[in-house]
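Nothing in this text is a laboratory measurement; each read-out follows from the coordinates by a stated rule. Just so it is clear, the model here is predicted, and its values are computed rather than measured. With ideal geometry, Cβ positions are generated from the backbone for all residues, glycine too; neighbour counts draw on all protein chains shown.
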Amino acid sequence: MRGPTQCPKCQGAMSEGVIAEKGDAGWGIASFLPGTPVVSRWFGLKVRKKDLIPISAWRCGRCGYLESYALSG
Ligand SMILES: [Zn+2]
């Protein structure tokens, strides 16, 4: 995908990546879940997998600023 090439904070160079998170099946990519979160005491966050949108992130190599995008499709 297309993202920012220049940091909005310091004008440094931005490079693409993802936000990795550890789940039950090993490492995965963090996702955006639309709507108000429903958290169960027993089952944790209620997630319908089809609602999840993986997050792409861009990081400034100079100041570390992160800009993230969740694009579906
Ligand atoms: Zn920066």
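Both radii are taken from the alpha-carbon atoms of the chain; with Rh as the Kirkwood radius, Rg/Rh is 1.07.
For the chain, applying the loop criterion from DSSP together with a ceiling of 12 other beta carbons within 10 Å to the chymotrypsin sites (Phe, Trp or Tyr not before Pro) yields W42, F43.
In plain terms, the chain is cut at each of the trypsin sites (Lys or Arg not before Pro) found in a DSSP loop with at most 14 other Cβ atoms within 10 Å, and the longest leftover piece is 10-40. Summing charges over all other residues whose Cβ lies under 14 Å from the Cβ of E67, with Lys and Arg as +1 and Asp and Glu as -1, gives +3.
Based on Cα contacts under 8 Å between residues 6+ apart, the chain shows a relative contact order of 33 percent. The local environment of G17, defined by Cβ-Cβ distances under 14 Å, has a net charge of -2 under the rule Lys, Arg +1 and Asp, Glu -1.
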